[in-house]
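What follows is a single structure, written as structure tokens, with notes after it.
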Amino acid sequence: MSLEKKNEKIKFALNSARENLLQFLSNLNESKLNLKINRDNTDSWNILEVLKHLHGAEDGMTKLMYDIKEGGTGVSDNFDLKRYNLSRVKKLH
């Protein structure tokens, strides 16, 4: 598969996921935004926190992709994804 075809496939998948998310969110009221997603996990997030995470993650992922594109190594060897995710959501409160 050509690079152009792969890019189109990725764009389609991202756009489709965005549309599905927006449709899901349009059916939520304010009280549902506070529902926990994974109640068995001590670090579970509510729907609003997941949205905040998505918002913050987009910027971080974009910077990471540019770094790798320019020959960078991406994240450091001691990068802790769980710690990063929790800190990003807390910053957005």
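The values are calculated or read from the model by the stated rules, or taken from the named source; none is laboratory data. In this text, all values refer to a predicted model and were calculated from it rather than measured experimentally. So basically every Cβ, Gly included, is an ideal-geometry build from the backbone, and we count neighbours across all protein chains shown. Keep in mind that these areas ignore ligands, DNA and RNA; they rest on the heavy atoms of the full protein, side chains included. Shrake-Rupley method; radii C 1.70, N 1.55, O 1.52, S 1.80 Å.
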Checklist entry - So is Ser76 open to solvent by less than 70 Å² (accessible area, probe 1.4 Å) and without any contact (Cβ under 8 Å) to a residue 12 or more places away in the chain or not? => result yes
Checklist entry - Between residues in segment 52-64 that are touching a residue at least 40 places away in the same chain (Cβ under 8 Å) and residues that are part of a helix (DSSP H, G or I) and β-branched (Val, Ile, Thr), which pairs lie under 7 Å by C-beta distance while being six or more apart or on different chains? => result Lys52/Val89
Checklist entry - So how many residues does segment 62-93 have that are β-branched (Val, Ile, Thr) and over 30 Å from Asn34 (Cβ atoms)? => result 3
Item to check | Of all residues making up segment 39-73, the number that are open to solvent by 90 Å² or more (accessible area, probe 1.4 Å), at pLDDT 85 or above and within 16 Å of the chain's Cα centre (by Cα) | outcome: 3
